[in-house]
Amino acid sequence: MATEVEKDHLSGVETTGHEWDGLKELNNPLPKWWLYVLYACIAWAVVYWVLYPAWPLGTTYTKGILGYSSRATLFQKMDEARQSQAQYLDAIAKTPLDQLRGNAELLNFSLAGGRTMFNENCVPCHGAGGQGGHGYPNLADDKWMWGGTLADIYQTIQHGIRADDPDTRISQMPRFGADGVLTRPQIDDTAEFVLSLTGTSTDAEAAKRGAVLFAENCVACHGDKGQGTAEVGAPALNDGIWLYGGDKKTVVETITYARGGVMPAWSKRLDDTTIKQLAVYVHELGGGK
Amino acid sequence: MAHQDFHHRIEKNVLLMMVLVLITISIGGLVQIIPLFTIETTIEKVAGVRPYSPLELAGFNIYLREGCYNCHSQQVRPFRDEVERYGHFSLAAESMYDHPFQWGSKRTGPDLARVGGKYSNDWHVQHLIHPQAVVPESVMPRYAFLLEPLKFDDVAEHLKTLKVLGVPYDDDMIANAKADLQAQHNPDGDTEGLLKRYPKAVVAKFSGHADLTEMDALVAYLQMLGTLVKFTDYKPAQLQQ
């Protein structure tokens with residue numbers, strides 16, 4: 001038992017009393033700087049307990065005299081950010097949609113804000129430049145399935161297409177093949193006629209037969225020349241722009257099983273001012289009407 | 001000196017030392033953990049959060065199995081940049097029925113806490129089959145194999161297990177587990193019971209296949225994420241912890 005203080009005879013420093021195979025550990029004091037840093041940390045902790053939320057007290061906790069809360073800080077920051085943009089956001093909220101583009105300041109602000117929101121929310125389907133993709137329309141051209149005026153675009157963004165929203169844009173193409181409205185040869189003929197609208201039909205006879213079927217089944221929505229009807233979101237078939245593909249196989253598939261793309265209703269996620277900015281941005285992206 | 005004697009005894013008795021080390025570490029742990037159970041504001045009091053529907057639960061299990069949490073967090077932190085990008089910050093209440101929670105700690109892909117309703121079902125299916133087909137710059141692997149049939153004969157057992165862990169599945173939910181799972185995949189069928197037990201559940205033929213696939217379950221799960229709490233009903237002060 002090392003209860004007596006033993007000093008190392010070479011250095012004069014006392015030992016810890018521990019010995020390993022004849023080696024003894026010196027009991028040097030802690031460096032001064034290290035010790036003061038430790039005391040400073042303890043003092044810091046005490047100050048922290050007073051200023052910030054720290055100690056649990058049963059069902060509650062000490063709130064600290066600064067009243068800090070990360071959520072309260074967030075609300076405050078959001079508020080400050082809103083205030084710093086208030087002159088534009090308030091003006092956009094007040095200005096009717098069709099007059100937004102007439103005001104250079106608001107137009108610039110809307111384009112910048114709209115681009116940011118477009119990149120986060122719309123790009124996954126419509127592509128980084130609004131070029132669209134398989135099943136997602138191109139927004140950078142001047143063809144519009146559901147109308148390309150500012151008001152049309154605004155409504156589409158707000159309520160979506162075939163979305164879970166009472167005012168959503170809705171229409172349903174019949175499943176001509178799957179529900180037995182047309183036979184397979186009839187669908188082939190109709191497809192040939194549809195392709196002939198853009199000069200890609202390879203069977204003039206079939207296209208001729210298809211013209212009759214088209215007139216009976218398709219013109220109500222797609223128009224007598226296949227020019228489409230924006231009110232029901234029926235795309236033009238005569239412009240060479242294909243949402244799902246313009247080869248015969250795909251057109252046959254479309255007629256057989258029908259198509260019905262879905263776009264979410266964004267009024268559930270974004271506020272009205274943001275949707276207005278998005279509408280202006282999308283309108284400007286391609287050829288808004 | 002008596003305390004030195006005591007110290008020597010500890011150093012020379014491995015068992016005693018282990019017991020005392022365990023007690024010391026436990027105090028450190030308990031001081032951090034227990035208050036989270038006792039402090040009333042840890043879990044916010046919000047309406048709408050419910051246990052997962054059976055199909056969503058199957059999707060949750062697939063999410064877990066595929067390790068989605070390795071690249072996707074499910075936690076919108078209370079910072080302006082996150083809130084403006086993803087939506088309202090996540091509440092503890094929103095993940096209180098997750099076992100285990102899916103907060104994650106890595107965002108190779110985006111946060112998914114508010115992904116529900118953000119994209120169409122078709123998009124999710126297309127994206128899971130081949131992510132680069134819709135997002136060319138994505139580094140996400142393909143999950144086309146999820147179009148395999150979903151095994152769900154044991155779904156009621158999953159509900160029962162979670163009930164033991166404190167998830168409020170009632171007898172009605174457990175008895176109807178299999179029927180509810182199938183009902184959520186059949187928009188033309190009777191979904192009244194399902195929607196009464198699990199409000200806001202998204203009913204659809206998610207992957208377009210007649211038979212239930214793992215894809216259906218995963219997309220059903222993704223489409224409800226972050227949609228249960230109606231945040232317009234709460235003032236900021238009510239959500240402070």
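The values are calculated or read from the model by the stated rules, or taken from the named source; none is laboratory data. Because the structure is predicted, anything quoted here is derived from the model rather than measured. Heads up, the Cβs are rebuilt from the backbone with ideal geometry, glycines too, and the neighbour counts pull from every protein chain shown. We work out accessible area using only protein heavy atoms, side chains counted, and drop any ligands, DNA or RNA first. Shrake-Rupley method; radii C 1.70, N 1.55, O 1.52, S 1.80 Å.
Values as computed for the structure displayed
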{"item": "Apportionment of accessible area to carbon and sulfur, chain A, percent (1.4 Å)", "result": "57"}
{"item": "Shielding by other protein chains, B:77-86, mean Cβ within 10 Å", "result": "4"}
{"item": "Largest-first ordering by accessible area, 1.4 Å probe, given options B:ILE33, B:ILE174", "result": "B:ILE33, B:ILE174"}
{"item": "Structure-based [θ]222 nm, chain B - -39500 (n - 2.57) summed over DSSP H runs of at least 4, per residue, nearest 500", "result": "-13000 deg cm²/dmol"}
{"item": "Per-residue SASA entry for A:MET78, accessible area with 1.4 Å probe, Å² rounded to 10", "result": "60"}
{"item": "Rounded accessible area of A:CYS122 (nearest 10 Å², 1.4 Å probe)", "result": "20"}
{"item": "Residue among B:PRO199, B:GLY104, B:PRO187 farthest towards the positive dipole end of the stretch B:54-231, charges placed on Cβ", "result": "B:GLY104"}
{"item": "Against the rule of thumb 2.2 N^0.38 Å, how large the Cα Rg of chain A comes out", "result": "1.88"}
{"item": "10 Å Cβ neighbours from other chains, averaged over peptide B:98-104", "result": "0"}
{"item": "10 Å binning of all Cα-Cα separations within the stretch A:13-168, expressed as whole percents from 0 upward", "result": "8, 18, 18, 12, 12, 12, 8, 6, 5, 0"}
{"item": "Alpha carbon Rg of chain B, scaled by the compact-globule rule 2.2 N^0.38 Å", "result": "1.27"}
{"item": "Net dipole in debye of the stretch A:184-257 [+1 Lys, Arg Cβ; -1 Asp, Glu Cβ; about Cα centre; nearest 20]", "result": "60"}
{"item": "Estimated dipole of the protein assembly as shown in Debye, rounded to 20 [Cβ of Lys and Arg +1, of Asp and Glu -1, Cα centre]", "result": "820"}
{"item": "Inter-label distance for A:LYS289 and B:ILE39, nm, one decimal - labels placed 7 Å from Cα along Cα-to-Cβ", "result": "5.7"}
{"item": "Cα-Cα separations in the stretch A:184-257 greater than 15 Å, expressed as whole percent", "result": "48"}
{"item": "Amide hydrogen neighbours beyond the local backbone of A:ALA234, cut-off 5 Å, H modeled", "result": "A:THR229"}
{"item": "Helix-only mean residue ellipticity at 222 nm for chain A, each DSSP H run of n ≥ 4 adding -39500 (n - 2.57), per residue, nearest 500", "result": "-14000 deg cm²/dmol"}
{"item": "Residue-by-residue Karplus 3J(HN,Hα) for the stretch A:177-193, coefficients 6.51, -1.76, 1.60, Hz, glycine and proline x", "result": "x, 4, 9, x, 6, 10, 7, 4, x, 5, 5, 4, 4, 4, 4, 4, 5"}
{"item": "The stretch B:111-174 - Debye-derived log10 I(q)/I(0), Cα point model, q = 0.15 Å⁻¹", "result": "-0.73"}
{"item": "FRET efficiency, 1/(1 + (r/R0)^6) with R0 25 Å, evaluated for A:VAL37 and B:THR24 via beta carbons", "result": "0.55"}
{"item": "Protection-proxy order for peptides A:79-89, A:16-26, each taking the mean of Cβ atoms within 10 Å per residue, highest first", "result": "A:79-89, A:16-26"}
{"item": "Gaussian network model of chain A, springs between alpha carbon atoms under 10 Å - residue of A:ASN119, A:ASN27, A:ASN103 with greatest fluctuation", "result": "A:ASN27"}
{"item": "Largest to smallest principal axis extent of the C-alpha atoms in the stretch B:13-69, angstrom", "result": "55, 32, 17"}
{"item": "Cα gyration tensor shape for the stretch B:64-139, rounded if a/c is under 1.5, else prolate or oblate", "result": "prolate"}
{"item": "Spin-label pair A:ASN27/A:LEU51, simplified geometry with 7 Å Cα→Cβ offset, distance in nm", "result": "3.9"}
{"item": "Per residue solvent-accessible surface (Å²) - the protein assembly as shown, probe of 1.4 Å", "result": "56"}
{"item": "10 Å binning of all Cα-Cα separations within the stretch B:158-238, expressed as whole percents from 0 upward", "result": "16, 41, 31, 10, 1"}
{"item": "Average partner coverage of B:119-129, which counts Cβ from other chains inside 10 Å", "result": "4"}
{"item": "At R0 = 30 Å, FRET efficiency that the Cβ-Cβ distance of A:GLN85 and B:ARG77 yields, to 0.05", "result": "0.85"}
{"item": "Accessible-area ranking of A:GLU120, B:GLU56, largest first, probe 1.4 Å", "result": "A:GLU120, B:GLU56"}
{"item": "Kyte-Doolittle mean at least 0.5, axial Cα span of 20 Å or more - DSSP H helices of chain B", "result": "B:14-38"}
{"item": "Total accessible surface hidden between A and B, rounded to 100 Å², 1.4 Å probe", "result": "2900"}
{"item": "Cα centroid separation - the stretch A:214-289 against the stretch B:155-206, whole Å", "result": "36"}
{"item": "Largest-first principal axis extents of the Cα set of the stretch A:19-93 (Å)", "result": "85, 32, 23"}
{"item": "Two-site label geometry, B:ALA144 and A:TRP20: point separation in nm, points 7 Å out along Cα→Cβ", "result": "6.1"}
{"item": "Cβ-based charge dipole, the stretch A:1-59, positive-most Cα from A:THR59, A:LEU26, A:VAL5", "result": "A:THR59"}
{"item": "Binned Cα-Cα distances of the protein assembly as shown, short to long, each 20 Å bin given as a whole percent", "result": "16, 40, 26, 11, 5, 1"}
{"item": "Efficiency of FRET from Cβ geometry, B:ILE10 and A:TRP44, R₀ 41 Å, rounded to 0.05", "result": "0.80"}
